[in-house]
Amino acid sequence: MSGQPQAPPWISFDVTGLAVTEPPPTLTPSTIIPRTGSFVLSAQFAVDYVFGKGLNDLIVGGLPVFEYNVTYFAESIGPGTEWSGSPGAVSCILNQYSYGAPQTSLTVSAMSLTPGTYRTTCVVKMSPRGGGSAGFPFHVVGFVEGPMIEIYQP
């Protein structure tokens, strides 16, 4: 759980969690997922202090100047495929400094990963609106590791 910058009392940015859930009904833990089933990744993050809140709240022409770009990764441990995906930009909302599900949620569809063990991670970048995750991150970037997951062939 980390983010940059960390310069209290001016700015703080933290990605505080990455969750894996499966749509109901499910009988197994959400970290053991059949290849034929989908699952949801969601992150929680927060910006704080005068510059952090100021960047989040910056509006020009009635629109936010910045957005958060969330990218999820499933990195294979041993044989398997590498995977990444994004739910799209999360717009900065005036006076909202913490974000999470459903704003950050991404459904990973069935058959996206081959059977194997994966490490889940998430990167969150604050970028100029419309710049996408490849855009300049404005020096506000957070990282978090999530749970390990096992994809199995039922």
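Points to keep in mind about this one:
- Annotation for segment 71-154: chymotrypsin sites (Phe, Trp or Tyr not before Pro) lying in DSSP loop with at most 14 further Cβ atoms inside 10 Å of their Cβ are 138.
- 1.4 Å probe accessible area per residue over the chain, in Å²: 49
- Taking only Cα atoms of the chain, radius of gyration then Dmax in Å: 16.6, 53
- Separation in nanometres of the label points that stand 7 Å from Cα toward Cβ, at residue 6 and residue 152: 3.8
- Size descriptor for segment 5-57, Kirkwood hydrodynamic radius: 13.5 Å (Cα pairs only, one decimal).
- Here the accessible area is traced with a 1.4 Å probe on the protein chains. For segment 61-154, carbon and sulfur cover 59 percent of it.
The values are calculated or read from the model by the stated rules, or taken from the named source; none is laboratory data. Everything numeric here is computed off the predicted structure, so don't read it as measured data. Glycine gets a Cβ as well: all are built from the backbone with ideal geometry, and neighbour counts include every protein chain shown. Each accessible area value is taken on the protein alone, full model and side chains, heavy atoms only, with ligands, DNA and RNA left out. Shrake-Rupley method; radii C 1.70, N 1.55, O 1.52, S 1.80 Å.
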